[in-house]
1. Given the options N65, N79, N116, name the one that is touching a residue at least 60 places away in the same chain (Cβ under 8 Å) and open to solvent by 20 Å² or more (accessible area, probe 1.4 Å).
2. How about the stretch 82-111: which of its residues are open to solvent by 10 Å² or more (accessible area, probe 1.4 Å) and outside any helix (DSSP H, G or I)?
3. Looking at the structure I just gave you, is L122 open to solvent by less than 30 Å² (accessible area, probe 1.4 Å) and modelled with pLDDT of 95 or more?
4. So, A157, is that one touching a His at 6+ places or on another chain (Cβ under 8 Å) and among the small types (G, A, S) or not?
Amino acid sequence: MRLNAQMSAPLLALASAMLFAASVHAAPANSGDDLDRLLADKGLLTQIDQVRQSVGSKASELVVNAMGFLGVPYKRGGNNVETGFDCSGFVRAIYEQSVGLLLPRKAEQQAAATQNIDKTELQPGDLVFFNTMRRAFSHVGIYIGDGKFIHSPKPGAEVRVESMSVSYWNRRFDGARRVAPQEGRAAPQAASANAQAVQGATPQLTTAQQQY
């Protein structure tokens, strides 16, 4: 595989993450040296370092970690690889494992506890929200760059990457958020209160009721 030297950093992050994810599922646990050799053969080691410098080590680590869960099935209320993930459970698990931040459990709470940014400001690792259930912030995914995001979509589906330009997601885009360290540690009670303010009088859904 040949990579254009002018390829954007987010796209390089996506390519290297996919390669890493494939290696995670296909190689033994102690295969770090083999992975390094594989990346070297593909000419990606230097470019991965450049990606990390351009988007920040934590952001690139988070995206690579998220890509390692491609194919994990959707599970309503799920928040780990053994049970499967729903959308907010997936986001919460990735942030906790990658950067040590504990986000609130529900998508609307995650929106309320994080910093609002413009769509044009999106960087890998930011959160993207969608209105999929006729209410604000009912679905969430992680932006990985190049107009794409990774998420756990719905019952019967698996963790996957999709383009935000697809008609379905473009029409339902509900905003972008950025996680700051102090925001990631926001108490669930405070996040819940903020979510109530965002959604007016809409009652909070229980995990069992929340589809996405």
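The values are calculated or read from the model by the stated rules, or taken from the named source; none is laboratory data. What you see is a predicted model; the values in this text were computed from it and never measured. Note that each Cβ is placed from the backbone with ideal geometry, even for glycine, and that neighbours are counted across all protein chains shown. Just so you know, the surface numbers come from the protein's heavy atoms only, side chains and all, with ligands and any DNA or RNA stripped out. Shrake-Rupley method; radii C 1.70, N 1.55, O 1.52, S 1.80 Å.
1. N116
2. Within the stretch 82-111, E82, T83, G100, L101, L102, R105, K106 qualify.
3. Judged against the criteria, L122 is a match.
4. For A157, the condition - touching a His at 6+ places or on another chain (Cβ under 8 Å) and among the small types (G, A, S) - is not met.
Condition check ((1) modelled with pLDDT of 95 or more; (2) β-branched (V, I, T); (3) open to solvent by less than 50 Å² (accessible area, probe 1.4 Å)) across all residues:
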| residue | (1), (2), (3) |
| --- | --- |
| F137 | yes, no, yes |
| I142 | yes, yes, yes |
| H151 | yes, no, yes |
| A157 | yes, no, yes |
| R160 | yes, no, no |
| V166 | yes, yes, no |
| F173 | yes, no, no |
| G184 | no, no, yes |
| T202 | no, yes, no |
